[in-house]
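Presented below is the structure to which this report refers.
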Amino acid sequence: MLRVCSLTLAAPLIALPLATWETEPVLTDAELLLAFKSSFSNGEKVLTSWSGVEPCGGQWLGITCTDGLVTTIDLSGRTLEGAIPATGWQLPASLEGLNLNNNAIRSVLPATWQLPALRRLELGGNKLHGPIPATLSLPPQLKHLQLCCNELSGTLPASLALPTTLFELDLDNNMLSGSVPAEWQLPSGLFLLNLQQNALQGSLPAWPDLHNLNVAIQPGNPQMCGEVPVAPKYGTWKANTTPYPPAEFSPCSEGILSQLLSGTSNNGDFIGTWCAAVICLVAAGFLSRRMLQRWKPTMRRSLQRFLRTSKASH
């Protein structure tokens with residue numbers, strides 16, 4: 001009996017190692033990149049050089065390698081068409097930069113990006129639409145997130161978790177609305193928050209201890225008010241661009257009447273000029289009426305003399 005029991009107990013122990021062998025195959029960098037290529041409807045036409053098993057041989061368009069590992073994919077302005085998979089692209093784990101600016105990618109923004117080494121994600125100038133996912137999970141080492149010039153809409157999610165390494169967050173030229181969430185925990189090293197050319201409103205949160213932060217709000221966002229944090233020094237955050245000047249908004253506590261009279265609303269110059277013109281017109285009308293009343297008898301007598309003279313001449 002003891003010998004039988006030992007045999008029945010040994011059977012599961014022998015089967016356990018066999019189960020662990022059934023794992024998913026590990027794809028090579030070339031296989032991952034070819035799957036990425038096939039996600040675009042015109043990938044075969046645009047990325048004709050992507051073939052074979054060696055992406056680091058210097059022949060693959062837009063591929064940069066370091067020590068035999070793929071570190072950068074730069075396919076900006078290549079007219080690529082297609083959508084981003086729901087779980088994001090599966091790309092080489094060594095990838096640090098993905099530049100797909102100025103293509104024709106029509107897609108919603110995936111909530112998950114499983115790219116552990118990615119530092120720069122550039123998807124500007126495409127046709128991304130829909131809201132920013134409330135559960136957006138960005139790569140932990142991301143420094144530059146470029147989502148400008150798309151069709152993103154809806155409000156900024158209060159639950160958005162930004163990587164602590166983030167240096168630039170560019171959301172300008174979209175269709176975002178609502179207010180900037182006070183719940184956002186901005187990274188201490190964030191240099192640029194670009195929200196220009198949207199339809200945001202309300203005031204900016206009072207983020208503490210962000211001495212290097214530059215906030216770009218205008219043009220656009222005509223219903224925003226309050227104070228804008230401005231870093232003591234400006235830097236060139238992108239090639240061929242000038243530093244952003246400080247923006248001035250009307251205090252949120254002022255009513256519309258005081259803003260109109262002082263000309264300090266979001267469109268202060270225009271409104272101030274408009275108010276001055278209205279006041280001048282009202283004053284001119286009042287003075288004209290007083291002058292007309294004063295000179296009315298004299299004008300009547302002059303008209304009567306003219307009529308008598310004309311009648312006598314005939």
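The values are calculated or read from the model by the stated rules, or taken from the named source; none is laboratory data. It should be emphasised that the depicted structure is a prediction, and the values quoted were computed from it without experimental measurement. Here the Cβ is made from the backbone with ideal geometry for all residues, glycine too, and neighbour counts use every protein chain on show. Side chains included, ligands, DNA and RNA excluded: accessible areas come from the protein's heavy atoms. Shrake-Rupley method; radii C 1.70, N 1.55, O 1.52, S 1.80 Å.
Does Leu176 meet the test of being touching a residue at least 12 places away in the same chain (Cβ under 8 Å) and closer than 16 Å to Val108 by Cβ? In short, yes.
Return yes or no: is Ile63 β-branched (Val, Ile, Thr), modelled with pLDDT of 95 or more and surrounded by 20 or more Cβ atoms within 10 Å (Cβ to Cβ)? The answer is yes for Ile63.
Among the criteria (1) under 20 Å from Ser107 (Cβ atoms); (2) buried (at least 21 other Cβ atoms within 10 Å of the Cβ), the one Leu160 does not fulfil is (2). Being modelled with pLDDT of 90 or more, more than 16 Å from Pro157 (Cβ to Cβ), open to solvent by less than 10 Å² (accessible area, probe 1.4 Å) and not in a loop (DSSP other than H, G, I, E, B), is that true of even one residue in the stretch 196-215? No, that holds for no residue.
Take Gln185 and tell me if it is crowded, with 18+ Cβ neighbours inside 10 Å, in a loop (DSSP other than H, G, I, E, B) and out of contact with any Cys (no Cβ under 6 Å at 6 or more places or on another chain). No: the conditions fail for Gln185.
Every condition in (1) open to solvent by 30 Å² or more (accessible area, probe 1.4 Å); (2) at pLDDT 50 or above; (3) not charged (D, E, K, R) holds for Leu190 except the one numbered (1). Listed by first and then second residue, the pairs with beta-carbon distance under 6 Å, at least 6 apart or on different chains, first residue in the stretch 66-82 and at pLDDT 95 or above, second acidic (Asp, Glu) and open to solvent by 70 Å² or more (accessible area, probe 1.4 Å), are Thr71/Glu96.
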